[in-house]
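**Q** Can you keep this structure in mind? I'll have questions shortly.
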Amino acid sequence: MESRQELLANIKRRQMWDFAFALMGLLSLLFALVTLLALIVDLGMTGIPRINAEFFVNFPSRFAEKAGILSAWVGSFLIMVTTAVCAIPLGVAAGVYLEEYSKKNWVSQIIELNIINLAGIPSITYGLMALGLFVYKLKLGQSILTAGLTLGLLVLPIIIVTTREAIRAIPNTIREASYAMGASKWQTIRYHILPYSSGGILTGVIISLSRAIGETAPLITIGALTFIAFLPTPPIDGQFPYLNFNWLMDPFTVMPIQMFNWLSRPQPEFHVNAAATGVVLLVMTLIMNGGAIYLRSRFRKKMKW
(Lines give C-alpha, C1' and ligand atoms only; values in the text may rest on other atoms or scores of the structure.)
Protein backbone atom coordinates (compact mmCIF):
# COMPACT_ATOMS: atom_id res chain seq x y z
CA MET A 1 0.00 0.00 0.00
CA GLU A 2 2.80 2.41 0.88
CA SER A 3 4.65 1.71 -2.35
CA ARG A 4 1.45 2.40 -4.31
CA GLN A 5 0.94 5.72 -2.52
CA GLU A 6 4.56 6.67 -3.14
CA LEU A 7 4.14 5.84 -6.82
CA LEU A 8 0.99 7.97 -7.08
CA ALA A 9 2.70 10.84 -5.25
CA ASN A 10 5.68 10.56 -7.60
CA ILE A 11 3.40 10.64 -10.65
CA LYS A 12 1.51 13.65 -9.27
CA ARG A 13 4.77 15.47 -8.57
CA ARG A 14 6.02 14.83 -12.09
CA GLN A 15 2.72 16.01 -13.55
CA MET A 16 3.05 19.24 -11.59
CA TRP A 17 6.58 19.76 -12.94
CA ASP A 18 5.34 19.08 -16.48
CA PHE A 19 2.54 21.61 -16.03
CA ALA A 20 4.97 24.20 -14.61
CA PHE A 21 7.37 23.69 -17.51
CA ALA A 22 4.56 23.95 -20.08
CA LEU A 23 3.25 27.12 -18.40
CA MET A 24 6.74 28.64 -18.37
CA GLY A 25 7.18 27.89 -22.07
CA LEU A 26 3.76 29.35 -22.89
CA LEU A 27 4.48 32.55 -20.95
CA SER A 28 7.88 32.91 -22.66
CA LEU A 29 6.25 32.45 -26.06
CA LEU A 30 3.54 35.01 -25.28
CA PHE A 31 6.12 37.50 -24.02
CA ALA A 32 8.17 37.14 -27.22
CA LEU A 33 5.08 37.45 -29.44
CA VAL A 34 3.72 40.47 -27.58
CA THR A 35 7.11 42.20 -27.72
CA LEU A 36 7.47 41.49 -31.43
CA LEU A 37 3.90 42.61 -32.12
CA ALA A 38 4.47 45.84 -30.18
CA LEU A 39 7.60 46.61 -32.19
CA ILE A 40 5.85 45.89 -35.50
CA VAL A 41 2.81 47.98 -34.56
CA ASP A 42 4.99 50.89 -33.46
CA LEU A 43 7.04 50.65 -36.68
CA GLY A 44 3.90 50.49 -38.78
CA MET A 45 2.15 53.40 -37.06
CA THR A 46 5.25 55.54 -37.54
CA GLY A 47 6.23 54.55 -41.05
CA ILE A 48 3.07 53.60 -42.98
CA PRO A 49 1.70 57.20 -43.27
CA ARG A 50 4.98 58.18 -44.99
CA ILE A 51 4.76 55.47 -47.66
CA ASN A 52 3.48 56.70 -51.02
CA ALA A 53 4.44 56.54 -54.67
CA GLU A 54 6.93 59.40 -54.39
CA PHE A 55 8.73 57.61 -51.57
CA PHE A 56 9.69 54.83 -54.02
CA VAL A 57 10.70 57.06 -56.95
CA ASN A 58 12.61 59.82 -55.16
CA PHE A 59 16.31 59.83 -54.35
CA PRO A 60 17.58 60.54 -50.82
CA SER A 61 17.56 64.23 -50.02
CA ARG A 62 18.58 66.62 -47.24
CA PHE A 63 14.89 67.53 -47.06
CA ALA A 64 13.05 64.76 -45.25
CA GLU A 65 9.70 65.35 -46.94
CA LYS A 66 11.30 64.96 -50.39
CA ALA A 67 13.58 62.01 -49.59
CA GLY A 68 12.92 58.56 -51.01
CA ILE A 69 14.44 55.09 -51.33
CA LEU A 70 14.81 54.79 -55.12
CA SER A 71 18.56 54.17 -55.11
CA ALA A 72 18.27 51.96 -52.02
CA TRP A 73 15.63 49.52 -53.28
CA VAL A 74 17.21 49.37 -56.74
CA GLY A 75 20.57 48.60 -55.13
CA SER A 76 19.00 45.94 -52.89
CA PHE A 77 17.32 44.31 -55.89
CA LEU A 78 20.48 44.22 -58.02
CA ILE A 79 22.55 42.87 -55.15
CA MET A 80 20.00 40.14 -54.49
CA VAL A 81 20.10 39.15 -58.17
CA THR A 82 23.90 39.01 -58.07
CA THR A 83 23.86 37.05 -54.82
CA ALA A 84 21.37 34.53 -56.21
CA VAL A 85 23.34 34.01 -59.42
CA CYS A 86 26.58 33.50 -57.48
CA ALA A 87 25.32 31.37 -54.59
CA ILE A 88 22.41 29.22 -55.77
CA PRO A 89 24.12 27.12 -58.50
CA LEU A 90 27.27 26.65 -56.43
CA GLY A 91 25.39 25.87 -53.22
CA VAL A 92 23.00 23.36 -54.81
CA ALA A 93 25.83 21.66 -56.72
CA ALA A 94 27.95 21.42 -53.56
CA GLY A 95 25.02 19.99 -51.59
CA VAL A 96 24.31 17.38 -54.28
CA TYR A 97 27.96 16.36 -54.44
CA LEU A 98 28.39 16.06 -50.67
CA GLU A 99 25.21 14.03 -50.27
CA GLU A 100 25.30 11.81 -53.37
CA TYR A 101 28.88 11.53 -54.60
CA SER A 102 31.37 12.14 -51.80
CA LYS A 103 32.71 9.23 -49.78
CA LYS A 104 31.66 9.11 -46.13
CA ASN A 105 35.02 9.36 -44.41
CA TRP A 106 36.87 11.68 -42.04
CA VAL A 107 37.57 14.19 -44.83
CA SER A 108 33.89 14.59 -45.63
CA GLN A 109 33.10 14.87 -41.92
CA ILE A 110 35.59 17.73 -41.54
CA ILE A 111 34.07 19.47 -44.58
CA GLU A 112 30.55 19.06 -43.17
CA LEU A 113 31.63 20.41 -39.79
CA ASN A 114 33.25 23.46 -41.37
CA ILE A 115 30.17 24.17 -43.50
CA ILE A 116 27.94 24.06 -40.42
CA ASN A 117 30.34 26.37 -38.56
CA LEU A 118 30.43 28.81 -41.50
CA ALA A 119 26.65 29.07 -41.36
CA GLY A 120 26.86 30.41 -37.80
CA ILE A 121 29.79 32.83 -37.78
CA PRO A 122 29.07 36.60 -37.54
CA SER A 123 28.38 38.33 -40.85
CA ILE A 124 31.01 41.01 -40.16
CA THR A 125 33.64 38.29 -40.65
CA TYR A 126 32.53 37.87 -44.26
CA GLY A 127 32.78 41.62 -44.72
CA LEU A 128 36.37 41.69 -43.47
CA MET A 129 37.29 38.75 -45.69
CA ALA A 130 35.63 40.36 -48.72
CA LEU A 131 37.42 43.64 -48.02
CA GLY A 132 40.80 41.94 -48.17
CA LEU A 133 40.02 39.54 -51.05
CA PHE A 134 37.56 41.23 -53.41
CA VAL A 135 38.35 44.90 -52.81
CA TYR A 136 42.13 44.89 -52.29
CA LYS A 137 43.40 41.68 -53.92
CA LEU A 138 41.04 41.25 -56.89
CA LYS A 139 40.56 45.03 -57.32
CA LEU A 140 36.79 44.75 -57.72
CA GLY A 141 36.29 47.95 -55.74
CA GLN A 142 33.27 48.99 -53.73
CA SER A 143 30.84 47.68 -56.32
CA ILE A 144 27.62 45.73 -56.67
CA LEU A 145 29.65 42.70 -57.75
CA THR A 146 31.67 42.82 -54.54
CA ALA A 147 28.50 43.10 -52.47
CA GLY A 148 26.85 40.21 -54.35
CA LEU A 149 29.89 37.98 -53.91
CA THR A 150 30.11 38.87 -50.22
CA LEU A 151 26.48 38.05 -49.51
CA GLY A 152 26.80 34.99 -51.74
CA LEU A 153 29.52 33.65 -49.47
CA LEU A 154 27.35 34.53 -46.47
CA VAL A 155 24.35 32.48 -47.62
CA LEU A 156 26.30 29.70 -49.36
CA PRO A 157 26.61 27.46 -46.24
CA ILE A 158 22.86 27.82 -45.58
CA ILE A 159 22.01 26.75 -49.14
CA ILE A 160 24.40 23.78 -48.93
CA VAL A 161 22.96 22.58 -45.61
CA THR A 162 19.32 22.93 -46.71
CA THR A 163 20.06 21.23 -50.03
CA ARG A 164 21.62 18.27 -48.25
CA GLU A 165 18.72 18.01 -45.82
CA ALA A 166 16.19 18.13 -48.67
CA ILE A 167 18.04 15.41 -50.61
CA ARG A 168 18.49 13.31 -47.48
CA ALA A 169 14.72 13.28 -46.98
CA ILE A 170 14.21 11.38 -50.24
CA PRO A 171 13.69 7.64 -49.48
CA ASN A 172 16.39 5.30 -50.74
CA THR A 173 13.69 3.23 -52.42
CA ILE A 174 13.42 5.97 -55.06
CA ARG A 175 17.10 5.58 -55.87
CA GLU A 176 16.96 1.80 -55.85
CA ALA A 177 13.95 1.75 -58.16
CA SER A 178 15.70 4.09 -60.58
CA TYR A 179 18.87 1.98 -60.57
CA ALA A 180 16.79 -1.17 -61.09
CA MET A 181 15.36 0.35 -64.27
CA GLY A 182 18.90 0.89 -65.61
CA ALA A 183 19.28 4.61 -64.88
CA SER A 184 22.70 6.02 -64.11
CA LYS A 185 23.49 7.95 -60.95
CA TRP A 186 23.23 11.32 -62.70
CA GLN A 187 19.95 10.35 -64.36
CA THR A 188 18.58 9.32 -60.98
CA ILE A 189 19.62 12.66 -59.48
CA ARG A 190 18.36 14.72 -62.41
CA TYR A 191 14.98 13.08 -62.96
CA HIS A 192 14.08 11.92 -59.45
CA ILE A 193 16.17 13.31 -56.58
CA LEU A 194 16.27 16.98 -57.61
CA PRO A 195 12.58 17.22 -58.66
CA TYR A 196 11.41 15.59 -55.42
CA SER A 197 13.70 17.70 -53.25
CA SER A 198 13.15 20.99 -55.11
CA GLY A 199 10.60 22.21 -52.56
CA GLY A 200 13.04 21.98 -49.68
CA ILE A 201 15.86 23.43 -51.76
CA LEU A 202 13.75 26.42 -52.84
CA THR A 203 12.68 26.97 -49.25
CA GLY A 204 16.31 27.13 -48.11
CA VAL A 205 17.26 29.42 -50.99
CA ILE A 206 14.46 31.91 -50.30
CA ILE A 207 15.11 31.94 -46.56
CA SER A 208 18.83 32.52 -47.13
CA LEU A 209 18.10 35.41 -49.52
CA SER A 210 15.63 36.91 -47.04
CA ARG A 211 18.47 36.92 -44.51
CA ALA A 212 20.87 38.50 -46.98
CA ILE A 213 18.50 41.33 -47.90
CA GLY A 214 18.63 42.66 -44.33
CA GLU A 215 22.40 42.43 -43.83
CA THR A 216 24.25 45.67 -43.12
CA ALA A 217 27.58 44.93 -41.41
CA PRO A 218 29.39 43.19 -44.32
CA LEU A 219 28.21 45.82 -46.82
CA ILE A 220 29.40 48.70 -44.64
CA THR A 221 32.73 46.92 -44.25
CA ILE A 222 33.31 46.74 -48.01
CA GLY A 223 32.42 50.42 -48.44
CA ALA A 224 28.73 50.75 -49.29
CA LEU A 225 27.66 54.37 -49.66
CA THR A 226 25.34 55.85 -47.06
CA PHE A 227 24.08 58.55 -49.45
CA ILE A 228 23.72 58.02 -53.19
CA ALA A 229 21.58 60.14 -55.52
CA PHE A 230 21.97 58.23 -58.78
CA LEU A 231 21.13 54.82 -60.18
CA PRO A 232 23.52 52.16 -61.49
CA THR A 233 24.02 51.74 -65.23
CA PRO A 234 20.88 50.24 -66.83
CA PRO A 235 21.33 46.49 -67.44
CA ILE A 236 19.49 46.68 -70.77
CA ASP A 237 21.09 48.59 -73.63
CA GLY A 238 19.54 49.82 -76.87
CA GLN A 239 22.26 48.27 -78.99
CA PHE A 240 23.17 44.66 -79.67
CA PRO A 241 23.64 42.46 -77.63
CA TYR A 242 21.17 44.56 -75.59
CA LEU A 243 22.67 43.47 -72.25
CA ASN A 244 24.99 45.73 -70.30
CA PHE A 245 26.94 44.40 -67.32
CA ASN A 246 28.69 47.65 -66.43
CA TRP A 247 26.26 48.04 -63.52
CA LEU A 248 28.15 45.30 -61.70
CA MET A 249 31.05 47.70 -61.10
CA ASP A 250 28.92 50.67 -60.00
CA PRO A 251 28.75 51.91 -56.39
CA PHE A 252 25.64 51.07 -54.42
CA THR A 253 23.54 51.47 -51.32
CA VAL A 254 20.84 49.25 -49.85
CA MET A 255 17.76 49.80 -47.72
CA PRO A 256 19.27 48.81 -44.33
CA ILE A 257 22.14 51.26 -44.86
CA GLN A 258 19.69 53.97 -45.92
CA MET A 259 17.79 53.35 -42.70
CA PHE A 260 21.03 53.65 -40.71
CA ASN A 261 21.82 56.94 -42.45
CA TRP A 262 18.44 58.44 -41.59
CA LEU A 263 18.46 57.19 -38.01
CA SER A 264 21.85 58.83 -37.42
CA ARG A 265 20.33 62.26 -38.11
CA PRO A 266 18.80 64.26 -35.26
CA GLN A 267 15.67 65.43 -37.13
CA PRO A 268 12.61 63.30 -36.24
CA GLU A 269 11.32 63.57 -39.84
CA PHE A 270 14.23 61.41 -41.02
CA HIS A 271 13.38 58.88 -38.32
CA VAL A 272 9.92 58.60 -39.87
CA ASN A 273 11.56 57.92 -43.22
CA ALA A 274 13.67 55.21 -41.59
CA ALA A 275 10.54 53.62 -40.11
CA ALA A 276 8.87 53.67 -43.53
CA THR A 277 11.92 51.96 -45.04
CA GLY A 278 11.77 49.40 -42.25
CA VAL A 279 8.14 48.66 -43.10
CA VAL A 280 9.03 48.13 -46.76
CA LEU A 281 11.93 45.85 -45.82
CA LEU A 282 9.75 43.92 -43.37
CA VAL A 283 7.04 43.40 -45.99
CA MET A 284 9.61 42.18 -48.53
CA THR A 285 11.02 39.72 -45.99
CA LEU A 286 7.56 38.45 -45.04
CA ILE A 287 6.67 37.98 -48.71
CA MET A 288 9.86 35.98 -49.32
CA ASN A 289 9.31 33.78 -46.26
CA GLY A 290 5.64 33.36 -47.12
CA GLY A 291 6.63 32.31 -50.62
CA ALA A 292 9.00 29.73 -49.15
CA ILE A 293 6.21 28.27 -46.99
CA TYR A 294 3.83 28.18 -49.96
CA LEU A 295 6.35 26.47 -52.23
CA ARG A 296 7.21 23.93 -49.57
CA SER A 297 3.57 22.99 -48.99
CA ARG A 298 2.85 22.85 -52.71
CA PHE A 299 5.77 20.57 -53.50
CA ARG A 300 4.94 18.32 -50.55
CA LYS A 301 1.47 17.72 -51.97
CA LYS A 302 3.07 16.42 -55.18
CA MET A 303 5.08 13.74 -53.37
CA LYS A 304 3.45 10.34 -53.80
CA TRP A 305 5.71 8.02 -51.83
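**Q** May I ask you to say which residue of Leu26, Leu98 is assigned to a helix (DSSP H, G or I) and open to solvent by 60 Å² or more (accessible area, probe 1.4 Å)?
**A** When all the criteria are applied, what remains is Leu26.
**Q** Just one of Gly75, Gly132 is free of Cβ contacts under 8 Å to residues at least 40 places away in the same chain, open to solvent by less than 60 Å² (accessible area, probe 1.4 Å) and more than 16 Å from the chain's Cα centre (by Cα); which is it?
**A** Values: Gly75 fails: free of Cβ contacts under 8 Å to residues at least 40 places away in the same chain.
Testing whether each residue is free of Cβ contacts under 8 Å to residues at least 40 places away in the same chain, open to solvent by less than 60 Å² (accessible area, probe 1.4 Å) and more than 16 Å from the chain's Cα centre (by Cα) leaves just Gly132.
**Q** If you take the residues in segment 120-129 that are aliphatic (A, V, I, L, M) and under 13 Å from Ile220 (Cβ atoms), which one is least open to solvent (accessible area, probe 1.4 Å)?
**A** Ile124
**Q** Which count do you get for residues in segment 285-305 that are open to solvent by 20 Å² or more (accessible area, probe 1.4 Å), in contact with a Ser or Thr (Cβ under 8 Å, 6 or more places away or on another chain) and not hydroxyl-bearing (Ser, Thr, Tyr)?
**A** In the first step, residues of segment 285-305 are kept if they are open to solvent by 20 Å² or more (accessible area, probe 1.4 Å); the result is 285-291, 293-305.
With in contact with a Ser or Thr (Cβ under 8 Å, 6 or more places away or on another chain) added as a condition, the list becomes 285, 288-289, 293, 295-296, 299, 305.
Going one step further and asking which of them are not hydroxyl-bearing (Ser, Thr, Tyr), we end up with 288-289, 293, 295-296, 299, 305.
Selection size over segment 285-305: 7.
**Q** Please determine, by comparing only the residues of segment 135-173 that are free of Cβ contacts under 8 Å to residues at least 24 places away in the same chain and not in a helix (DSSP H, G or I), which one is surrounded by the most Cβ atoms within 10 Å (Cβ to Cβ).
**A** So, considering only residues that are free of Cβ contacts under 8 Å to residues at least 24 places away in the same chain and not in a helix (DSSP H, G or I), the one surrounded by the most Cβ atoms within 10 Å (Cβ to Cβ) is Leu138.
**Q** Moving on. Which one is least open to solvent (accessible area, probe 1.4 Å), of the residues in segment 29-68 that are assigned to a helix (DSSP H, G or I) and in contact with a Phe, Trp or Tyr (Cβ under 8 Å, 6 or more places away or on another chain)?
**A** This residue is Ala64.
**Q** Now, a different point. Taking segment 101-129 on its own, how many of its residues are free of Cβ contacts under 8 Å to residues at least 60 places away in the same chain, of a type in the set (A, V, I, L, M, F, W, C) and assigned to a helix (DSSP H, G or I)?
**A** 9
**Q** Right, next: Please enumerate the residues belonging to segment 46-91 that are aromatic (Phe, Trp, Tyr) and over 18 Å from Phe252 (Cβ atoms). Even if it seems obvious, please write down each step before you answer.
**A** Going through segment 46-91, the residues aromatic (Phe, Trp, Tyr) turn out to be 55-56, 59, 63, 73, 77.
Matches in segment 46-91: Phe55, Phe63.
**Q** Search segment 235-256 for residues being aromatic (Phe, Trp, Tyr) and closer than 22 Å to Ile213 by Cα, and hand back the single one that is most open to solvent (accessible area, probe 1.4 Å). Give the derivation first.
**A** In the first step, residues of segment 235-256 are kept if they are aromatic (Phe, Trp, Tyr); the result is 240, 242, 245, 247, 252.
Imposing the further condition that a residue be closer than 22 Å to Ile213 by Cα reduces the set to 245, 247, 252.
On the way: Phe245: 126, Trp247: 25, Phe252: 5 Å².
Here the answer is Phe245.
**Q** For Gly44, work out the one condition from (1) under 27 Å from the mean Cα position of the chain (by Cα); (2) without any contact (Cβ under 8 Å) to a residue 60 or more places away in the chain it doesn't fulfil.
**A** Tallying (1) under 27 Å from the mean Cα position of the chain (by Cα); (2) without any contact (Cβ under 8 Å) to a residue 60 or more places away in the chain, Gly44 fails exactly one: (2).
**Q** Within the set of pairs 6 or more residues apart or between chains, which connect a residue that is among the acidic types (Asp, Glu) inside segment 50-66 to a residue that is open to solvent by less than 80 Å² (accessible area, probe 1.4 Å) with Cβ atoms less than 7 Å apart?
**A** Close Cβ pairs (under 7 Å, with a partner that is open to solvent by less than 80 Å² (accessible area, probe 1.4 Å)) amount to Glu54/Gly68.
**Q** Evaluate segment 1-18: report whether one residue or more is in a helix (DSSP H, G or I), closer than 30 Å to Pro235 by Cα, open to solvent by 70 Å² or more (accessible area, probe 1.4 Å) and not β-branched (Val, Ile, Thr).
**A** no
**Q** Now for a separate question. Would you list the helices (runs of 4 or more DSSP H) that sit entirely within segment 174-260 and hold 1 or more residues that are farther than 30 Å from Arg298 by Cβ and touching a residue at least 40 places away in the same chain (Cβ under 8 Å)?
**A** 217-221
**Q** Say whether the condition of being modelled with pLDDT under 85, on the phi > 0 side of the Ramachandran plot and hydroxyl-bearing (Ser, Thr, Tyr) is met by at least one residue in segment 203-216.
**A** Taking every residue of segment 203-216 in turn, none turns out to be modelled with pLDDT under 85, on the phi > 0 side of the Ramachandran plot and hydroxyl-bearing (Ser, Thr, Tyr).
**Q** Determine if segment 205-220 includes at least one residue that is open to solvent by less than 80 Å² (accessible area, probe 1.4 Å), farther than 21 Å from Ile40 by Cα, within 19 Å of the chain's Cα centre (by Cα) and not hydrophobic (A, V, I, L, M, F, W, C).
**A** For segment 205-220, residues open to solvent by less than 80 Å² (accessible area, probe 1.4 Å), farther than 21 Å from Ile40 by Cα, within 19 Å of the chain's Cα centre (by Cα) and not hydrophobic (A, V, I, L, M, F, W, C): present.
The values are calculated or read from the model by the stated rules, or taken from the named source; none is laboratory data. These numbers were taken from a predicted model, which means no experiment stands behind them. In this analysis, Cβ positions are derived from the backbone assuming ideal geometry, glycine residues included, and neighbour counts consider all displayed protein chains. Protein only, heavy atoms only, side chains kept; ligands, DNA and RNA dropped before computing areas. Shrake-Rupley method; radii C 1.70, N 1.55, O 1.52, S 1.80 Å.
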